[in-house]
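Below is one structure, written out as structure tokens, with a few remarks after it.
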């Protein structure tokens, strides 16, 4: 009886396809779905019908936008991110105290700009940058070091 020839699942061609995919932006539909979640959370908080998950979504997007900007995709200033952090902290404080999860008009404008920037980043940044930003967010959430590692130059 003939035996099957064992083939490695990690051939050079598979690695090359993976490497190429990491250089391309994510699929448009995936980017649109991710951006839609953010815009829905932003709208809910603008109308005062949001909740803790909407505030968490904006916090995550604020961090991801900053991480992607640090990688060279999109722009986010330190002042903008600091103001956004203060604004979302107020949303959490007031929401926990009163049960009303709402963005005031200034905070809405600030997060609308961040959401628009995030939308552009999702459509333009390569998969490797989005993956790195997502891993940094996971480390931040876990309380671990989330800073970008210093890469050696040849």
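The values are calculated or read from the model by the stated rules, or taken from the named source; none is laboratory data. Since this is a predicted model, take the numbers as computed values, not measurements. Note: ideal-geometry Cβ built from the backbone for every residue, glycine included; neighbour counts use all protein chains shown.
Summary of computed values
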{"quantity": "Condition met for residue 13 (at pLDDT below 90 and either over 19 Å from the mean Cα position of the chain (by Cα) or under 30 Å from residue 101 (Cβ atoms) (or both))", "calculated": "yes"}
{"quantity": "Those helices (runs of 4 or more DSSP H) lying entirely in region 44-154 with at least 3 residues at pLDDT 95 or above and over 28 Å from residue 23 (Cβ atoms)", "calculated": "52-70, 78-98, 105-124"}
{"quantity": "Answer residue from region 73-105, given it is within 30 Å of residue 126 (Cα to Cα) and in contact (Cβ under 8 Å) with a residue 40 or more places away in the chain and is surrounded by the fewest Cβ atoms within 10 Å (Cβ to Cβ) among those", "calculated": "75"}
